[in-house]
Amino acid sequence: MITNTSLFILPGAPAALRSYGVPKASGAKRPITFDLKEVNVTPRTKPDRLAWVNHLALIRDQKDRAAFAEVFVHFAPRVKAFLMKSGTSPDMAEEVAQDVMATLWRKAHLFDPTKASVSTWIFTIARNRRIDILRKQRRPEPEDMTWGPVSEPDQVDVLALQQDSAKLSEALADLPHKQKDLIVRAYYGELTHSEIAEATGLPLGTIKSRIRLALNRLRHQMK
Amino acid sequence: MTAPMIDIKHHLTDNLLMAYSAGTLPEGFNLVVATHISFCDECRAHMHEFDAVGGAIMAAEDPIAMSDNSFSATLDLIENSDVLTPFRHISSGSFPTPLQEYVGGDLDAVKWRKVGGGVRQAILKTDKSTSVRLLHIPAGAAVPDHGHRGTELTLVLQGAFSDKTDSFYKGDIEVATEDLNHQPIAEMGEDCICLAATDAPLRFNSLIPRLLQPFLQI
């Protein structure tokens with residue numbers, strides 16, 4: 001079965017997003033059995049950030065193979081490239097990239113589009129797998145907040161976070177070469193924490209305040 | 001660990017947060033960072049922001065082709081290892097979850113040992129890149145005067161302490177580097193419990209603690 005996922009992406013981003021706010025959308029069928037290998041892996045035109053959020057919802061709610069194939073085709077080669085730049089051998093990078101994509105399928109229900117774009121979420125999975133598999137080290141995670149990703153995200157927060165993530169990407173790309181190089185090397189694992197100079201001048205203001213607002217609102221709702 | 005949040009004045013530095021996000025911090029520092037973030041919304045937001053930087057860097061990579069059978073290999077992985085995501089509870093005790101995972105329980109599970117001057121400690125097992133301990137300092141008591149060869153992170157879990165730089169209350173973190181010599185003193189009123197991690201042995205400024213150093217593993 002080849003599903004054209006564009007059918008699921010309604011004109012206008014908020015409509016596409018709505019599927020992530022409703023864990024069990026009406027009409028969403030969950031196939032009991034399926035052969036994952038029937039999927040066509042041909043690359044499609046590059047969807048935008050909101051479309052990727054929608055893809056994750058399709059993977060979570062409908063085990064949608066076509067959506068997964070598109071995510072794989074776009075992100076797996078970038079995960080592999082990132083790992084190789086971080087000093088991982090090509091074979092190991094390939095293996096870890098596959099593992100990261102399998103984790104994405106299994107943990108799609110944990111993706112929270114008010115806290116991360118899909119590429120950020122995939123980055124965190126890749127980072128954690130790199131530490132587990134390659135460095136054989138533990139990286140304790142903060143305690144989860146009392147509301148989990150099961151709560152219906154506020155669509156305004158989702159939209160804003162995804163837009164701010166796009167702005168952050170642009171701002172990073174526009175940084176002077178020297179500064180950008182330093183940041184990238186920090187993420188490739190080439191710098192220790194004491195070698196990372198205080199990262200002043202990073203264009204993080206927008207996304208920071210946005211996440212803070214969302215956290216405040218959620219915490220307020222919990223009271 | 002649920003709302004309301006405590007008022008935190010001393011936060012993580014950008015370079016610690018960036019290294020935590022990049023996954024390059026030593027294990028013991030990861031633990032202190034994760035425990036602080038469990039208390040601190042501001043640093044949690046900061047953490048998401050540094051993760052977003054990592055996401056932007058990864059997304060901007062020039063793709064490197066996956067092997068021909070990579071997609072079907074991934075589907076096999078999915079079908080053949082149906083691992084359930086472990087459920088991670090929210091702590092209702094004194095210690096946030098990441099710390100409880102190292103202690104093997106909450107405050108009442110800590111195995112304290114006396115180290116002199118009324119101060120007690122419990123070493124937490126991590127890899128060798130850092131030395132991590134819980135410290136119990138009686139109200140009004142002092143930790144011996146010391147300097148640092150590397151970085152020392154000290155997170156207050158209960159009570160408060162002061163040194164020449166400032167006062168540190170529950171949730172506050174002090175990031176001490178080579179240029180700081182200090183003698184932390186627990187505030188009166190309540191015993192102070194801290195989580196401390198160092199990536200190099202401390203440099204004690206008087207003889208007795210220096211002689212004891214091998215036994216204290218500090």
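The values are calculated or read from the model by the stated rules, or taken from the named source; none is laboratory data. Since the model is a prediction, treat every value here as computed from it, not as a measurement. No Cβ is skipped: glycine too gets one built from the backbone with ideal geometry, and neighbour counts run over all protein chains shown. Accessible surface is based on the protein model in full, side chains and every heavy atom, while ligands, DNA and RNA are left aside. Shrake-Rupley method; radii C 1.70, N 1.55, O 1.52, S 1.80 Å.
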Might you work out the accessible area of B:PHE29 for me, using a 1.4 Å probe with all protein chains in place, and round it to the nearest 10 Å²? 0 Å²
Accessible area buried, both sides summed, chains B and A with 1.4 Å probe, Å²: 6700 Å²
Just how far, in whole angstrom, is the range A:72-130 from the range B:50-79 if you go by their alpha carbon centroids? 5 Å
For the range B:156-173, Karplus-derived ³J(HN,Hα) couplings (6.51, -1.76, 1.60; θ = phi - 60°; whole Hz; x for glycine and proline) come out as 7, 9, 7, x, 7, 9, 10, 9, 5, 7, 4, 9, 10, 10, 3, x, 6, 10
Surrounding net charge for B:GLY147, when Lys and Arg each add one and Asp and Glu each subtract one, Cβ distance under 15 Å: -3
Round to the nearest 10 and report in Å² the accessible area of A:GLU170, as given by a 1.4 Å probe over the protein chains' heavy atoms. 110 Å²
GNM of chain B, Cα pairs under 10 angstrom: of B:VAL132, B:VAL32, B:VAL115, the biggest fluctuation goes to B:VAL115
Gaussian network model of chain B, Cα springs within a sub-10 Å range: biggest mean-square fluctuation belongs to which of B:SER162, B:SER81, B:SER206? B:SER81
With all protein chains present and a 1.4 Å probe, how do B:ASP106, B:ASP179, A:ASP157, B:ASP199 order by accessible area, largest first? B:ASP179, B:ASP199, B:ASP106, A:ASP157
Taking amide H positions as placed in the peptide plane 1.01 Å from N, state which residues far from A:GLU143 in sequence (5 or more) or on other chains have amide H under 5 Å from it. B:SER38, B:THR97
For the range B:1-81: relative contact order, % (alpha-carbon pairs under 8 angstrom, 6 or more apart): 31 percent
Ignoring ligands, DNA and RNA, what percent of the 1.4 Å accessible area of the range B:8-218 is carbon and sulfur? 54 percent
Please list, in order along the range A:109-116, the HN-Hα scalar couplings obtained from phi with the Karplus expression 6.51 cos²θ - 1.76 cosθ + 1.60 (θ = phi - 60°), rounded to whole Hz, x for Gly and Pro. 5, 8, 5, 10, x, 8, 10, 8
Calculate the dipole size of the range B:8-218 relative to its Cα centre from +1 charges on Lys and Arg beta carbons and -1 charges on Asp and Glu beta carbons; express the result in debye to the nearest 20. 1240 debye
Shape verdict for chain B, please, from the Cα gyration tensor: rounded (a/c under 1.5), prolate (a/b greater than b/c) or oblate. prolate
Proximal charge balance of A:ARG135 [Cβ under 10 Å; K/R count +1, D/E count -1]: +1
Per-residue ³J(HN,Hα) for the range A:97-105, Karplus 6.51 cos²θ - 1.76 cosθ + 1.60, θ = phi - 60°, Hz, x for Gly and Pro: 4, 4, 4, 4, 5, 5, 5, 4, 4
Using a 1.4 Å probe on heavy atoms of the protein chains only, the accessible area for B:ARG133 in Å², nearest 10, reads 10 Å²
Tell me, what is the per residue accessible area of the range B:8-218 in Å², probe radius 1.4 Å? 42 Å²
XL table A:LYS85/A:LYS178; A:LYS178/B:LYS9; A:LYS63/A:LYS180; A:LYS80/A:LYS167; A:LYS178/B:LYS170; A:LYS85/B:LYS125; Cα-Cα > 28 Å flagged, in table order, is A:LYS178/B:LYS9; A:LYS63/A:LYS180; A:LYS178/B:LYS170; A:LYS85/B:LYS125
Estimated FRET transfer efficiency (B:ILE123, A:LYS107; beta-carbon r; R0 30 Å; 0.05): 0.35
Could I have the simple spin-label model distance between B:GLN217 and B:SER72, label points 7 Å from Cα toward Cβ, reported in nm to one decimal? 5.1 nm
Computed FRET value (nearest 0.05) for B:LYS9 with B:ASN181, which takes r as the C-beta separation and R₀ as 22 Å: 0.50
Net charge of Cβ neighbours under 12 Å - reference B:HIS36; Lys, Arg +1; Asp, Glu -1: -3
Placed amide H near B:ALA141: partners under 5 Å, 5+ positions off or other chain: B:ALA186
Could you pull out every residue, at least 5 positions away or on a different chain, whose amide H is within less than 5 Å of the one on B:HIS148? Hs are placed 1.01 Å off N in the peptide plane, and Pro or chain starts have none. B:LEU180, B:ARG203
